[in-house]
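Visitor: The structure is given below, and queries will be raised subsequently.
The values are calculated or read from the model by the stated rules, or taken from the named source; none is laboratory data. This structure is a prediction, so every number in the text was calculated from the model and none was measured. Please note: Cβ atoms are built from the backbone with ideal geometry, for glycine as well, and neighbour counts cover all protein chains shown. Protein only, heavy atoms only, side chains kept; ligands, DNA and RNA dropped before computing areas. Shrake-Rupley method; radii C 1.70, N 1.55, O 1.52, S 1.80 Å.
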Amino acid sequence: MLVGCGPKRDEWEILSTLEELKRLAETSEAEVIGQVVQFRDRRDPAWLIGKGKAEEVAKMAEEHEADLVIFDHELSPAQIRNLERRLPCKVIDRTQLILDIFAQRAQTKEGRIQVELAQLEYMLPRLVGRGKELSRLGGGIGTRGPGEKKLETDRRHIYRQIRDLKKQLEEVKKHRRLHQERRKKTEVTQVALVGYTNAGKSTLLNRLTGAEVLAENKLFATLDPTSRLLDLPSGQHVILTDTVGFIRNLPHHLVAAFRSTLEQVREADLLLHVVDAAHPEASEQIAAVEEVLEELQATEIPTLMVLNKADLLERPQVEPAAQEMIRISALRDEDLAKLKEKIEGMLRPKQMTVNLAIPIDRGDLLSALYRVAEVVSSKADEAAMEIECRLTDKQLEKLPLELKQRLT
């Protein structure tokens, strides 16, 4: 069963996030048998919902034989304790549900470490509220001792685990930084797919690059970043990276834990913001993604908004005020061709086309040019090689002085 709570003036938003909670529950293989919403201006500090509404939820859970109640807000330790005492089944909140999905779906070592770290950081302040098995310290004779020792042991153990996981994560980050530095040296252009969960990023990666990334009609089908080589119409190669999908009200434990996964977004030369254009709340999803990009300090990176799933639309659901935008269906080959041209067009302003003549006997200059620049065409006569090539500002800096002097 699902439970939502908030002021009546926010009714639409409450029902919308509850619908998203339903999809999250289904992603976690749960069957939703009912939902309860309470409209109130202030959430109850002891129950979240009112005590009377908690009684109502308890009766409904008994009638439907529910074995789990999920609240659409993060519950405090006291609220969890009170609700578990009253409800006839297990109680979790939105944060725990998302953590559970991430735990199920993380495949890489880094992903698993980050999930475990987020779970431990969520659990730590809630140790005191874990119920009778900890025999919490109370007042009076006969209540001191074992409970407090057990609690302190648990707490120390979790602190130790968190410390170890952070060390492991730092090692993984070092390896990734080395890869990124190697890519920078080779001047490989990086393009990152970002967007709301289930917008079609993985399908787009698969269709553009021939990758075989899991693509399901579920929230958080992809958690681990995947990079593949993408060939553009001119023959230029770029690295295309699929990233974890964003979501509204993402638990702050996960924002912190997965920041390193999203660091690749900041390294990108171009972002493809993929939007499910057929979704009735596409505008809200765009706003949620832009908020996370702002947190990541990635708003200065050139961004192409890709309005996906155009094949499901009779008329546009959303008309974002993006400077660069393209409407496509990832399932149509002609749309993918247009998208590649658009990507190339947005990357091209970073390059300049130059011509030079290199004497036939200067193989050293020719070799230096091929090492640094993207050669478009070459034509030889008896005296020299006429070469047309494309260069970025950074590549231009790496050219030997003699070659710079020959540029036209």
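Visitor: Return the only residue of 42, 23 being assigned to a helix (DSSP H, G or I) and basic (Lys, Arg).
Guide: Details: 42 fails: assigned to a helix (DSSP H, G or I).
Only one candidate qualifies: 23.
Visitor: Would you call residue 31 touching a residue at least 24 places away in the same chain (Cβ under 8 Å) and of a type in the set (D, E, K, R)?
Guide: Values: touching a residue at least 24 places away in the same chain (Cβ under 8 Å): no; of a type in the set (D, E, K, R): yes.
No; evaluated as a whole, the condition is false for this residue.
Visitor: A further question on this structure: Mind listing just one residue for me: the one in segment 382-408 that is acidic (Asp, Glu) and at pLDDT below 85 and, of those, least open to solvent (accessible area, probe 1.4 Å)?
Guide: 393
Visitor: Still on this structure, I have one more. May I ask you to list the residues in segment 181-217 that are surrounded by fewer than 17 Cβ atoms within 10 Å (Cβ to Cβ), out of contact with any strand residue (DSSP E or B) (no Cβ under 8 Å at 6 or more places or on another chain) and either of a type outside the set (S, T, N, Q) or at pLDDT 75 or above (or both)?
Guide: Within segment 181-217, 181, 182, 184, 185, 212, 214, 216 meet the criteria.
Visitor: Go through the residues of segment 237-258 one by one and say whether even a single one is open to solvent by 40 Å² or more (accessible area, probe 1.4 Å) and either at pLDDT 80 or above or in contact with a strand residue (DSSP E or B) (Cβ under 7 Å, 6 or more places away or on another chain) (or both).
Guide: yes
Visitor: Among the numbered conditions (1) at pLDDT below 65; (2) on the phi < 0 side of the Ramachandran plot, tell me where residue 135 comes up short.
Guide: (2)
Visitor: Can you tell me how many residues within segment 42-60 are open to solvent by 30 Å² or more (accessible area, probe 1.4 Å) and out of contact with any helix residue (DSSP H, G or I) (no Cβ under 8 Å at 6 or more places or on another chain)?
Guide: 8
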